[in-house]
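Undergrad: Shown below is the structure under consideration.
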Amino acid sequence: MHGIAFVTGAARGIGRAIALALAEGGFDVAANDLEPSGELALLCDEIIALGRKAVPVIGDVGDLDQHRAMLETGQAALGPLTTLVNNAGVSVLNRGDLLDVSSASYDRCMAINAKGTFFLTQAFAKHLLTRERPASIHHSIVTVSSANAIAASIARGEYCMSKAAVSMSSKLFAARLSNDGIGVYEIQPGFIETEMTAPAKARYDAMIEGGMTTIRRWGQPKEVARIALTLASGLLPYTSGQAIAADGGLLTVRY
């Protein structure tokens, strides 16, 4: 067994795909989402059908006071956690002119995408450092950020700001934890076909067809999930803080 993973925002999209990929790879999974749902229950049933253990963990990543209880719920049901996948996130309240960004939308992106992720990672890191960890199991933190941590999208400025912050967070925790035997990594998805990207699908379809990405198609959640499994399994040894762009070449500099 590789370990026991806590995956945030696991009910749908990239989070769901990661949870299933980890289960297929031998992980038991604590699947977190904001509220109970049929989707979350179905995910846990599918993980169990794969021969792994699963437990739904309800909690708000944006509420720092819930973090300890969330992690303890996962551990009580499955055993000592070995892996944190920071996937939960929100987009903007409204796409539009950068000059019209509201403080409410900005604060929401920052509270969940940046602040919540930072402090959940901090809580998980403390949890790992205060107990014995078998050397045979890779312990890791994998954070799903976005290509918008680097690429500016002025119709979603507050989202870009939050993802740039969480990208730096991953680097900071890598610098702090790597020598303690904890792998810290970041995945930067580009155009991935999910509910979150659906509102802009027509626009992105045209951009992809026009050559915005070097691989001219949408990425799929299962492709991001395969990267997450690789990282969580410790299959990239002697790495620390790497950001992997799962973007079909979106961020590739060309001229």
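The values are calculated or read from the model by the stated rules, or taken from the named source; none is laboratory data. If you're wondering where the values come from, they're calculated on a predicted model, not measured in any experiment. Methodologically, a virtual Cβ is constructed for each residue, glycine included, from the backbone with ideal geometry; neighbour enumeration extends over all protein chains shown.
Undergrad: Test Ser178 against the criterion of being within 27 Å of Gln220 (Cβ to Cβ) and in contact with a Ser or Thr (Cβ under 9 Å, 6 or more places away or on another chain), and give yes or no.
TA: Against the criterion (within 27 Å of Gln220 (Cβ to Cβ) and in contact with a Ser or Thr (Cβ under 9 Å, 6 or more places away or on another chain)), Ser178 does not qualify.
Undergrad: Could you figure out which of (1) out of contact with any strand residue (DSSP E or B) (no Cβ under 6 Å at 6 or more places or on another chain); (2) under 25 Å from Lys115 (Cα atoms); (3) of a type outside the set (S, T, N, Q) isn't true of Ala41?
TA: Unmet condition: (2).
Listed here are the residues, each with its yes/no results for (1) modelled with pLDDT of 95 or more; (2) in a loop (DSSP other than H, G, I, E, B); (3) touching a Gly at 6+ places or on another chain (Cβ under 9 Å); (4) under 30 Å from Leu129 (Cα atoms).
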residue	(1), (2), (3), (4)
Asp45	yes, no, no, no
Val61	yes, yes, yes, yes
Gln66	yes, no, yes, yes
Gly74	yes, no, no, yes
Ala88	yes, yes, yes, yes
Gly96	no, yes, no, no
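Undergrad: Identify, from the list Glu186, Glu195, the residue that is out of contact with any His (no Cβ under 9 Å at 6 or more places or on another chain), of a type in the set (Asp, Glu) and in a loop (DSSP other than H, G, I, E, B).
TA: The unique qualifying residue is Glu195.
Undergrad: Something else about it: On the basis of being over 16 Å from Asp247 (Cβ atoms) and outside any helix (DSSP H, G or I), does Ala135 make the cut?
TA: Spelling it out, Ala135 is indeed over 16 Å from Asp247 (Cβ atoms) and outside any helix (DSSP H, G or I).
Undergrad: Now, a different point. Would you mind stating whether Leu50 is hydrophobic (A, V, I, L, M, F, W, C), touching a helix residue (DSSP H, G or I) at 6+ places or on another chain (Cβ under 8 Å), surrounded by fewer than 23 Cβ atoms within 10 Å (Cβ to Cβ) and closer than 23 Å to Asn113 by Cα? Walk me through how you get there before you give the answer.
TA: Numbers: hydrophobic (A, V, I, L, M, F, W, C): yes; touching a helix residue (DSSP H, G or I) at 6+ places or on another chain (Cβ under 8 Å): yes; surrounded by fewer than 23 Cβ atoms within 10 Å (Cβ to Cβ): yes; closer than 23 Å to Asn113 by Cα: no.
No.
Undergrad: Is it the case, given these coordinates, that Asn113 is of a type outside the set (Gly, Ala, Ser) and surrounded by fewer than 17 Cβ atoms within 10 Å (Cβ to Cβ)?
TA: no
Undergrad: I'm told Pro56 meets every condition in (1) over 21 Å from Tyr185 (Cα atoms); (2) crowded, with 16+ Cβ neighbours inside 10 Å; (3) out of contact with any strand residue (DSSP E or B) (no Cβ under 8 Å at 6 or more places or on another chain) except one. Can you identify the failing condition by its number?
TA: (3)
Undergrad: Quick one: Leu20 ticks every box in (1) more than 24 Å from Lys115 (Cβ to Cβ); (2) touching a residue at least 12 places away in the same chain (Cβ under 8 Å); (3) assigned to a helix (DSSP H, G or I); (4) out of contact with any Asp or Glu (no Cβ under 8 Å at 6 or more places or on another chain) except a single one, so which number is it?
TA: Condition (4) is where Leu20 drops out.
Undergrad: Restricting attention to segment 216-255, report how many residues are farther than 20 Å from His2 by Cβ, among the hydrophobic types (A, V, I, L, M, F, W, C) and under 15 Å from the mean Cα position of the chain (by Cα).
TA: So the count comes out to 3.
Undergrad: Taking the condition assigned to a helix (DSSP H, G or I) and either of a type outside the set (Phe, Trp, Tyr) or at pLDDT 95 or above (or both), does Leu81 pass? Full working, then the answer.
TA: Working: assigned to a helix (DSSP H, G or I): no; either of a type outside the set (Phe, Trp, Tyr) or at pLDDT 95 or above (or both): yes.
Here the answer is no, as Leu81 does not meet what is asked.
Undergrad: Just to check your reading of the model, which residue among Thr214, Thr194 is surrounded by fewer than 16 Cβ atoms within 10 Å (Cβ to Cβ) and among the β-branched types (Val, Ile, Thr)? Before you say what the answer is, go through the steps one by one.
TA: On the way: Thr194 fails: surrounded by fewer than 16 Cβ atoms within 10 Å (Cβ to Cβ).
The unique qualifying residue is Thr214.
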